[in-house]
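See structure below.
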Amino acid sequence: HVHLVESGGGLVQAGGSLRLSCAASGRTFNSRAMGWFRQAPGKHREFVAAVSWSGGNTYYADSVKGRFTISRDNAKNTVYLQMNSLKPEDTAVYYCAADGSSWYKPIQAEFGSWGQGTQVTVSS
């Protein structure tokens, strides 16, 4: 089991940027895919971005492609989500996910560990 702690959420105006971090501890961090998901009020949790164990491959939801960048630093056991050009519809609780079996078109069930979430609010 991998223990995950997200940080970096907050309130930002539309067009602004935020960088989320997810620090991992526990068993091996760098041998599996990592991802970010989000859940807006009244909606199901949805996929945002994923990165392969090496960091060399990434995959994004169409809604964030070109605006968000996922990356990882295995030496620091940390995965990041750089979010630029934020929109009000990006408002959600963002969850870090680890121990993933796939970085390409992943589904929630493919990730074995989850963080507690961090709130991102984008005002118009």
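The values are calculated or read from the model by the stated rules, or taken from the named source; none is laboratory data. Nothing here was measured: the structure is a model prediction, and the numbers come from that model. FYI the Cβ positions are ideal-geometry reconstructions off the backbone, even for glycines, and counts take in every protein chain you see. The accessibility values were calculated without ligands, DNA or RNA, using every heavy atom of the protein model including side chains. Shrake-Rupley method; radii C 1.70, N 1.55, O 1.52, S 1.80 Å.
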Subject >> Dipole magnitude (debye, nearest 20) for the chain, charges at Cβ of Lys, Arg, Asp, Glu >> reply: 100 debye
Subject >> Residue order for Asp62, Asp73, Asp90, Asp99 - accessible surface, 1.4 angstrom probe, largest first >> reply: Asp62, Asp73, Asp99, Asp90
Original post:
Can you run phi through the Karplus equation (6.51, -1.76, 1.60; θ = phi - 60°) for region 77-89 and list ³J(HN,Hα) in whole Hz, with x for Gly and Pro?
Top reply: 6, 9, 10, 10, 9, 8, 10, 10, 6, 5, 10, x, 6
Original post:
Sorted by accessible area with a 1.4 angstrom probe, largest first, how do Ser113, Ser25, Ser102, Ser124 fall?
Top reply: Ser124, Ser25, Ser102, Ser113
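Can you give the accessible area per residue of the chain, in Å², using a 1.4 Å probe?
Numbers: 6070 Å² over 124 residues.
Here the per-residue accessible area is 49 Å².
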**OP:** Report, in cubic angstrom per residue, the convex hull volume of the C-alpha atoms of the chain.
**Re:** 88 Å³
Original post:
When you count, for each residue, the other Cβ atoms within 10 Å and take the mean per peptide, how do 79-89, 40-50 rank with the highest first?
Top reply: 79-89, 40-50
**OP:** State, as an integer percentage, the relative contact order of the chain based on alpha-carbon contacts under 8 Å between residues 6 or more apart.
**Re:** 36 percent
**OP:** Give the carbon-plus-sulfur fraction of the accessible surface of the chain in %, rounded to a whole number; probe 1.4 Å, heavy atoms of protein chains only.
**Re:** 48 percent
